[in-house]
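One structure is given here, and the rest of the page talks about it.
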Amino acid sequence: MKTEIKKLKNSELQISFEMPAEDFTKFVDKALEHLKGHVKMDGFRKGHVPKEIVEQKVGNEQLLMEAGDLAVKDAYTKFVLAEKLEPIGEPEVKITKIAKGSEFLFTVKVSVLPEIELPDYKKIVEEIKSLEISVEPKEIDEALEYLQKSRAKFTAENRPAENKDFVEIEYTNENINGGKVVKDRFILGEGGFMKDFEDNVLGMKAGEEKEFKAKFPENAPNNLAGKESNFKVKMLSVQKMELPEINDEFAKSLGMFDSLVKLRENLQEGITLEKKEGELQRKRGEIITKVSEKIKFELPEKMVEYEQKRLLEDLKMQVQNQFKLEFEDYLKSVKKTEEEIKATFKLDAEKRIKNFLVLRQIGKAENVEVSEEELTEEANREMKKYSKEQATKIDIRQLKEYSKGAVFNEKVFQKLESFGK
């Protein structure tokens, strides 16, 4: 069988196939055999209708469609394996000539993983240095204050709200949650809400309602930043917050420490571990970025498109959870369509896909593999994050793919980090 490969842009290939007539005839026969099992006719048992009658019954067009489908799948699969291609998604097939007793011509357009020529990544890793990790006393004090607030005693008060009170409110604003009622709770005066907003809530009593204008913060979504808007607020409750004194008794009340000194030591260890993890991720980001900068190749458009969609879904969740806003209302507020928003993610999506492909290529170069034992261990670890009810809804195949990718990436980074030691 003759084949011809044409390289297209964005890591796509167009493959032309020319199957000889005698080979295509075999697929016509296979199609007839397959269709026999679906044709019912009086006087014949199912699957025993003569081929001539089957062909007459189903018609030439359906027979050729079936034969063409079988021939395409067989030829394409064999070609991919022989050429060691790594296709992305389903191929786009176009039949250019099909007839009984004639050669069968068709083309396949498919995205494939690109060929990547790696730079001297070991040398690049050697030049990347780790940053020094240290913990300031102030950071330990802040962690202690957080623990102190988590053990606070709350008492309902029938008086105007003061700074340091814990308040529960409900409010409406045309720019938030589609103008629907939103409930929230926070400590007054500690920046849990917009300053203008908190200043107006100050002095309200439980059951009291108030309408006022307040400015959105500078990091609010697009055209809401710094914008003054009308709020309607109802105070649901005002609670006095009494904080325990930070001393040895407080440390003992946590159940694991016999003194404040031991508690501070534990907090220092925890913050240190957290910073080390942060530094590890920073360094890994620098490694893959600097290696990727040395390589140029065309990215598969389908992979970039998929990543753009994923980033868009992340934004939808952020808008809903952080800003209490329906995405349709968000689009109206920024005066953009969903497609326009998705387009803004293209550069980020391209960077992520490039880094992914480079990391994957390094893994291949270093013969990194994931064993069944490692895969099972990671999948089980992921499953523990879900409740029994959530676990029943998990796609096991997707979970395994995710777990395999997570283990593979970790092993590749560990290999890379070993070059810098």
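Readers should treat all values here as calculations from the given coordinates under stated rules, not as data from a laboratory. On a predicted model such as this, the values are computed, not experimentally measured, just so you know. Glycine also receives a Cβ, built like all others from the backbone with ideal geometry; neighbour counts cover every protein chain displayed.
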Practice task
Scan around residue 186 for amide H atoms under 5 Å from its own, H built in the peptide plane at 1.01 Å from N, and keep only partners 5 or more places away or cross-chain.
Solution key: 167
Handout entry: Descending semi-axes in Å of the chain, equivalent ellipsoid built from Cα gyration tensor
Key = 60, 32, 23
Exercise for the section: May I ask you to derive the relative contact order of the chain, considering only C-alpha pairs under 8 Å and at least 6 residues apart, and to give it as an integer percent? Expected result: 15
Fill in the blank from the handout: Length gained, residue 282-residue 62, 0.36 nm per residue minus C-alpha separation, equals 73.3 nm
Fill in the blank from the handout: The ³J(HN,Hα) series, computed from each phi in region 299-312 with the Karplus coefficients 6.51, -1.76 and 1.60 at θ = phi - 60°, rounded to the nearest Hz and given as x for glycine or proline, is 8, x, 4, 5, 5, 5, 4, 4, 5, 4, 5, 5, 5, 5
Problem - Dipole-positive endmost among 356, 371, 20 within the chain (Cβ charges, Cα centre) - result: 20
Exercise for the section: Divide by every residue of the chain the summed helix terms, -39500 (n - 2.57) for each DSSP H run of at least 4, and state the resulting mean residue ellipticity at 222 nm, rounded to the nearest 500 deg cm²/dmol. Expected result: -16000 deg cm²/dmol
Problem - Cβ-placed point charges (K, R +1; D, E -1), dipole of region 274-420 about Cα centre in debye, nearest 20 - result: 320
Fill in the blank from the handout: When all Cα-Cα pair distances of region 217-314 are considered, the percent exceeding 16 Å is 81
Handout entry: In Hz, Karplus ³J(HN,Hα) per residue of region 193-199 (6.51, -1.76, 1.60; θ = phi - 60°; x = Gly, Pro)
Key = 9, 4, 4, 4, 5, 4, 4
Practice task
State the Kirkwood hydrodynamic radius of region 125-169 in Å, one decimal place, computed from all pairs of distinct Cα atoms.
Solution key: 14.8
Completion exercise
In whole Hz, the Karplus estimates of ³J(HN,Hα) for region 237-246 (6.51, -1.76, 1.60; θ = phi - 60°; x where Gly or Pro) are 7, 10, 10, 6, 10, 9, 9, x, 6, 7
Handout entry: Loop trypsin sites (Lys or Arg not before Pro), region 227-269 (other Cβ atoms within 10 Å of the site Cβ: 16 or fewer; DSSP)
Key = 227
Exercise for the section: Divide the volume of the convex hull of the Cα atoms of region 152-242 by its number of residues and quote the answer in cubic angstrom per residue. Expected result: 86
Practice task
Determine the distance separating the Cα centre of region 76-107 from the Cα centre of region 212-238; give it in Å without decimals.
Solution key: 59
Fill in the blank from the handout: Out of 233, 358, 135, a Gaussian network model of the chain with alpha-carbon springs under 10 Å gives the largest mean-square fluctuation to 135
Exercise for the section: Name the residue farthest towards the positive end of the dipole of the chain from the options 130, 251, 65, assuming +1 on Cβ of Lys and Arg, -1 on Cβ of Asp and Glu, about the Cα centre. Expected result: 65
Practice task
From zero up to wherever the largest Cα-Cα distance of region 291-421 sits, split into 5 Å bins and tell me the percent of pairs in each.
Solution key: 2, 9, 13, 14, 16, 16, 14, 10, 5, 2, 0
Exercise for the section: Towards the positive end of the charge dipole of region 83-229, with charges on Cβ (+1 Lys, Arg; -1 Asp, Glu), say which of 146, 99, 224 has the farthest Cα. Expected result: 99
Exercise for the section: Let me know the charge dipole size of the chain about its Cα centre in debye, to the nearest 20, where only the beta-carbon of Lys, Arg (+1) and Asp, Glu (-1) is charged. Expected result: 880
Practice task
Rounding to the nearest 20 debye, state how big the charge dipole of region 135-227 is about its Cα centre with +1 on each Lys and Arg Cβ and -1 on each Asp and Glu Cβ.
Solution key: 220
